[in-house]
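Taking it in order: structure first as structure tokens, then the write-up.
The values are calculated or read from the model by the stated rules, or taken from the named source; none is laboratory data. Only a predicted model underlies this, so the values are computations on that prediction, with no experimental measurement involved. Don't worry about glycine lacking a Cβ; one is built from the backbone with ideal geometry, like all the others, and counts go over all protein chains shown.
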């Protein structure tokens with residue numbers, strides 16, 4: 001199975017207001033189809049899912065959200081970037097759009113938000129797919145990400161320097177995908193220096209996190225797709241997920257890292273298709 005790189009012509013940029021912030025999202029049309037809400041990770045944007053769109057937009061109403069502080073969405077003036085803050089914006093957005101029977105998909109931080117949505121809104125969420133993240137963020141993981149964000153505060157003189165850094169961090173992601181991440185995920189200041197298109201205050205939200213009390217309530221089908229070379233979701237976390245979530249599946253993609261959908265998109269989509277095909281047809 002090959003994944004086309006072109007984007008559907010129906011894609012539109014839209015905006016809504018959640019908790020007083022302007023939130024940007026991409027809508028691929030097909031509004032009569034079942035909604036699939038897509039949530040990105042830190043340093044990513046709604047455009048992170050562009051390369052999924054031609055594979056899915058004929059079957060689903062795809063909505064990819066720029067979470068607060070990212071992309072074209074507002075920065076929070078009070079620097080509120082905890083998982084519950086992102087979740088609160090999303091809950092308002094889906095209520096505003098009257099979305100039901102949602103399939104929610106999230107990678108990294110977006111996956112934490114997606115888990116909260118599945119736990120708190122079983123009336124609206126039919127299923128969830130989570131990419132390489134679990135209910136907890138250990139202090140070591142939080143500190144590692146915080147250090148990386150701190151190292152990036154000065155930006156880059158040109159895109160080749162950022163591309164080289166990303167290739168070192170994500171050696172299994174193609175230059176084409178990394179280039180798209182840079183194109184959509186960065187901005188230039190008045191001097192032409194390149195920075196991630198995100199609020200630096202997001203760093204304050206990177207603290208140790210434990211969402212088990214809420215996520216243990218999930219009763220809808222939920223699939224965790226993990227990178228075998230990633231340490232984000234520990235073996236003991238996986239075992240607890242199997243014990244506590246009655247409709248959980250966990251699939252590990254051997255040798256892949258934190259973003260398996262970028263490293264091996266076709267294989268990831270095949271896993272996703274199998275999961276989706278087993279769901280009851282939405283009414």
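Key figures
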read-out: Pairs, first within 20 Å of residue 24 (Cβ to Cβ) in the range 191-218, second modelled with pLDDT under 90 and not in a helix (DSSP H, G or I), C-beta under 7 Å, six or more apart; value: 196/43; 196/152; 198/43; 200/153; 202/42
read-out: Selection within the range 26-46 - crowded, with 18+ Cβ neighbours inside 10 Å, out of contact with any strand residue (DSSP E or B) (no Cβ under 6 Å at 6 or more places or on another chain) and modelled with pLDDT under 95; value: 42, 44
read-out: Test: residue in the range 14-25 that is in contact with a helix residue (DSSP H, G or I) (Cβ under 6 Å, 6 or more places away or on another chain), free of Cβ contacts under 8 Å to residues at least 60 places away in the same chain and surrounded by 21 or more Cβ atoms within 10 Å (Cβ to Cβ); value: no
read-out: Considering residues of the range 171-185 that are outside any helix (DSSP H, G or I) and touching a helix residue (DSSP H, G or I) at 6+ places or on another chain (Cβ under 7 Å) only, the residue surrounded by the fewest Cβ atoms within 10 Å (Cβ to Cβ); value: 172
read-out: Odd one out for residue 195, checked against (1) farther than 26 Å from residue 71 by Cβ; (2) in a strand (DSSP E or B); value: (1)
read-out: Members of the range 205-219 found to be in contact with a strand residue (DSSP E or B) (Cβ under 6 Å, 6 or more places away or on another chain) and surrounded by 13 or more Cβ atoms within 10 Å (Cβ to Cβ), listed by number; value: 209
read-out: The listed residue being at pLDDT below 95 and either in contact with a helix residue (DSSP H, G or I) (Cβ under 7 Å, 6 or more places away or on another chain) or closer than 28 Å to residue 60 by Cβ (or both), out of 270, 201, 190, 282; value: 282
read-out: Residue match in the range 227-238 (condition: touching a residue at least 12 places away in the same chain (Cβ under 8 Å), within 17 Å of residue 127 (Cα to Cα) and either part of a helix (DSSP H, G or I) or in contact with a helix residue (DSSP H, G or I) (Cβ under 6 Å, 6 or more places away or on another chain) (or both)); value: no
read-out: Options 213, 249, 217; residue that is in a helix (DSSP H, G or I), under 18 Å from residue 133 (Cβ atoms) and at pLDDT 95 or above; value: 213
read-out: Options 202, 222: the member that is surrounded by 13 or more Cβ atoms within 10 Å (Cβ to Cβ) and touching a strand residue (DSSP E or B) at 6+ places or on another chain (Cβ under 6 Å); value: 222
read-out: Failed criterion for residue 41 (all others in (1) over 20 Å from residue 215 (Cα atoms); (2) touching a residue at least 12 places away in the same chain (Cβ under 8 Å) hold); value: (1)
read-out: Qualifying residue in the range 55-70 (condition: modelled with pLDDT under 95 and in contact with a helix residue (DSSP H, G or I) (Cβ under 6 Å, 6 or more places away or on another chain)); value: yes
